[in-house]
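Heads up: the structure comes next, in structure tokens.
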Amino acid sequence: MQYWRLSGLAVLSLAFTACAKSEKSQASDTLAIKIDSGPQTKPTRSASKKMPIIISSPVFAPNGSIPSKYTCEGADMSPPLEWFGVPPDAKTLALIVDDPDAPDPAKPQRVYVHWVVYNIPANITKLAENAAKTGLPGGAIQGINDWRKQTYGGPCPPIGRHRYFFKLYALDTVLPEMLIPTKAQLEKEMEEHLVDFSELIGTYQKTK
């Protein structure tokens, strides 16, 4: 009788150990990071950081309405942006602003690109209001938006309230100078260099 009891205890012990190992291996898989609406890359080296990079704006809250001053109904200037938590191994930052709701949020057909910037020095922590036209930090270069212009183009939704994604990428290198790159060209160049990522979403609907 004691032999069977001991055998049963041994089986239970082995089963518990196997479950613990399985749970441990599953937990380690959560370190893999997949970036939405951006280049698909290998897991970021900053995945285990306690404080990720965070981008914000002093003129609108996350998921809040973007003031008309920064749209086609106003001065059409780029809004002020700021961020913190840039990883120490980042060399430069890149910024992409786009709208996934074009032309109608009820029936989106394309992602419309509003701003493309790369090689922002990693020690920079903000962009001033209207930086697209009055001057970016030294070394930063603007790509081309979907108006075929090398600058910022503000929200100008034809129908309904659209979302605008301000996406900040921390990279481990200074990218080679490109000939006015599109969003797609910049994303391709960034593929093997992504260290961290953050996004800020604002919304806008025309008043007229």
Next item on the list: Compute the length gained on full extension between residue 109 and residue 178: take 0.36 nm times their separation in residues and subtract their Cα-Cα distance, giving the result in nm to one decimal.
Entry: 22.0 nm
Notebook entry, point to check: Of 188/208; 91/208; 69/183, which ones are farther than 32 Å apart at the Cα?
Noted result: 188/208; 91/208
Item checked: Solvent-accessible area per residue for segment 65-166 (1.4 angstrom probe, square angstrom) -> 42 Å²
Next item on the list: Keeping all protein chains in position, work out how much accessible area residue 86 exposes to a 1.4 Å probe, and write it in Å² to the nearest 10.
Entry: 40 Å²
Check: At a Förster radius of 25 Å, what calculated FRET efficiency corresponds to the Cβ-Cβ distance of residue 148 and residue 69, to the nearest 0.05?
Finding: 0.60
Item checked: Protection-proxy order for peptides 160-167, 62-69, each taking the mean of Cβ atoms within 10 Å per residue, highest first -> 160-167, 62-69
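The values are calculated or read from the model by the stated rules, or taken from the named source; none is laboratory data. Note that the structure is predicted; figures quoted are calculated from it, not measured. Note: ideal-geometry Cβ built from the backbone for every residue, glycine included; neighbour counts use all protein chains shown. Side chains included, ligands, DNA and RNA excluded: accessible areas come from the protein's heavy atoms. Shrake-Rupley method; radii C 1.70, N 1.55, O 1.52, S 1.80 Å.
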